[in-house]
Each structure stands twice: as C-alpha cells, then as structure tokens.
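The values are calculated or read from the model by the stated rules, or taken from the named source; none is laboratory data. These numbers come from a predicted model, not from an experiment. Here the Cβ is made from the backbone with ideal geometry for all residues, glycine too, and neighbour counts use every protein chain on show. Please note that ligands, DNA and RNA were not included when accessible areas were found on the heavy atoms of the full protein model with its side chains. Shrake-Rupley method; radii C 1.70, N 1.55, O 1.52, S 1.80 Å.
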Amino acid sequence: MDTKERRSAILQLLRNRTAPVTGAELAARMGVSRQVIVQDIALLRTGGQTIFATPEGYLLPALEPAAAARRVVAARHRDNAGMRRELETVVRLGGTVVDVSIEHPVYGEISAPLHLRTQAGVDRFMANFETGGTSPISLLTDGVHLHTVEAPSQGAMERILSALREAGILVE
C-alpha cells in the first residue's frame with residue numbers, strides 16, 4: 001500500500017467507526033509505526049480534512065453525536081482530584097466535554113479538543129496527569145478554564161450544571 005492509499009484507508013476507517021480510533025490501532029491496521037500515522041494525520045489536515053486528535057484517539061467531526069444542548073461553562077479546580085470530579089460529573093450525567101480553553105495574558109486564547117464522553121475516556125485522559133507526566137493548561141490561570149459541554153437534552157444540561165455548581169466547580 002502506498003502513502004496515498006494508506007491515507008485514504010485511514011480516512012475510510014475513521015468514517016466507518018462510531019468511536020475514536022487510537023494511533024496505535026491505526027498503525028497496527030496499516031502496518032506502519034505510530035509516528036507514520038501522526039504524520040499522515042498531519043498531512044491529511046493540511047489537505048483540508050478535519051480530524052480531531054482526542055485523548056481517546058482520532059475522530060472525524062461527523063462522528064460526534066448530535067447534541068440538543070451546547071454551552072460554554074467557566075470552571076475552576078486546583079488539583080487532579082478536582083479535574084477528575086469535574087470530567088466524571090459531566091460524562092456520568094450523559095454529557096460530552098468537547099474542549100478546554102484558557103485566556104492567557106500573552107498568547108490569548110489557548111484551547112484543546114477533548115471530546116470526552118465516557119468514563120474510560122476520562123480515565124485515559126486523567127492517567128496523563130496522575131502519573132505526573134504533564135500538567136493541565138488551567139495551571140496557567142490559577143485553575144480557571146472554559147469547557148464547551150454538550151448534552152443530549154436541555155434537561156441533561158441543567159443536571160450537569162447543577163451538579164458542577166453543587167461541587168463548587170462552576171465559576172459564575
């Protein structure tokens with residue numbers, strides 16, 4: 001399989017999946033290294049393809065379930081336990097944490113896609129921080145950050161907001 005065929009196969013695989021696909025899985029299926037997949041994804045993006053790189057793997061936007069409610073919320077936590085509690089609250093109540101962003105005094109808005117909607121996704125995401133390998137971007141803003149949250153209904157969104165408020169995470 002040549003490079004062009006491999007990139008086409010990657011896109012086809014992503015189109016046919018209902019969940020994110022890890023770089024390791026793509027590498028195994030294509031018979032190449034994970035680094036080759038990272039380069040392929042980068043080149044597909046420069047060619048105009050929208051591909052999200054999430055903690056759970058690669059995802060095409062068309063695979064995102066339609067949300068009945070979408071809201072940007074301001075939140076604050078100062079440690080990993082607070083971050084885990086925040087993310088678990090959203091997914092436990094049926095929501096998706098679409099992204100995270102902060103307002104930096106020099107760089108302006110810094111954001112990252114997350115697309116967390118399952119407990120397993122939260123666990124994989126949190127493992128990066130709980131092992132001490134990295135720090136959340138909210139560390140740059142004393143824990144204050146924004147999330148785009150989606151929910152399947154307005155009622156579910158209200159339950160998510162209420163639970164975050166009750167946990168002392170929501171900044172209002």
Practice item. Could you please tell me which pairs satisfy a Cβ distance under 7 Å, a separation of 6+ or placement on different chains, a first residue in segment 18-36 that is on the phi < 0 side of the Ramachandran plot, and a second residue that is in a loop (DSSP other than H, G, I, E, B) and charged (D, E, K, R)? Key: 20/56
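I need a count of the residues in segment 37-54 that are under 25 Å from residue 121 (Cβ atoms) and open to solvent by 40 Å² or more (accessible area, probe 1.4 Å).
Our first condition is that a residue be under 25 Å from residue 121 (Cβ atoms); within segment 37-54, this holds for 37-42, 44-45, 49-54.
Then drop every residue that is not open to solvent by 40 Å² or more (accessible area, probe 1.4 Å), which leaves 38-39, 42, 45, 49-50, 52-53.
The total comes to 8.
Residue 125 - would you say it is surrounded by fewer than 18 Cβ atoms within 10 Å (Cβ to Cβ), of a type outside the set (D, E, K, R) and assigned to a helix (DSSP H, G or I)?
Working: surrounded by fewer than 18 Cβ atoms within 10 Å (Cβ to Cβ): no; of a type outside the set (D, E, K, R): yes; assigned to a helix (DSSP H, G or I): yes.
It is false that residue 125 is surrounded by fewer than 18 Cβ atoms within 10 Å (Cβ to Cβ), of a type outside the set (D, E, K, R) and assigned to a helix (DSSP H, G or I).
Confirm whether residue 84 is closer than 30 Å to residue 166 by Cβ and touching a Gly at 6+ places or on another chain (Cβ under 7 Å). Let's see the steps before the verdict.
Values: closer than 30 Å to residue 166 by Cβ: yes; touching a Gly at 6+ places or on another chain (Cβ under 7 Å): no.
For residue 84, the condition - closer than 30 Å to residue 166 by Cβ and touching a Gly at 6+ places or on another chain (Cβ under 7 Å) - is not met.
Is it true that residue 109 is over 20 Å from residue 17 (Cα atoms), touching a residue at least 24 places away in the same chain (Cβ under 8 Å) and not in a loop (DSSP other than H, G, I, E, B)?
No.
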Exercise for review: Assess whether residue 6 counts as being open to solvent by 50 Å² or more (accessible area, probe 1.4 Å) and either acidic (Asp, Glu) or more than 14 Å from the chain's Cα centre (by Cα) (or both).
Suggested key: no
Practice item. Kindly check whether there is at least one residue in segment 15-34 that is surrounded by fewer than 16 Cβ atoms within 10 Å (Cβ to Cβ), of a type outside the set (Phe, Trp, Tyr) and within 30 Å of residue 163 (Cα to Cα). Key: yes
Exercise for review: Would you mind stating whether residue 143 is open to solvent by less than 30 Å² (accessible area, probe 1.4 Å) and either without any contact (Cβ under 8 Å) to a residue 12 or more places away in the chain or among the small types (Gly, Ala, Ser) (or both)?
Suggested key: yes
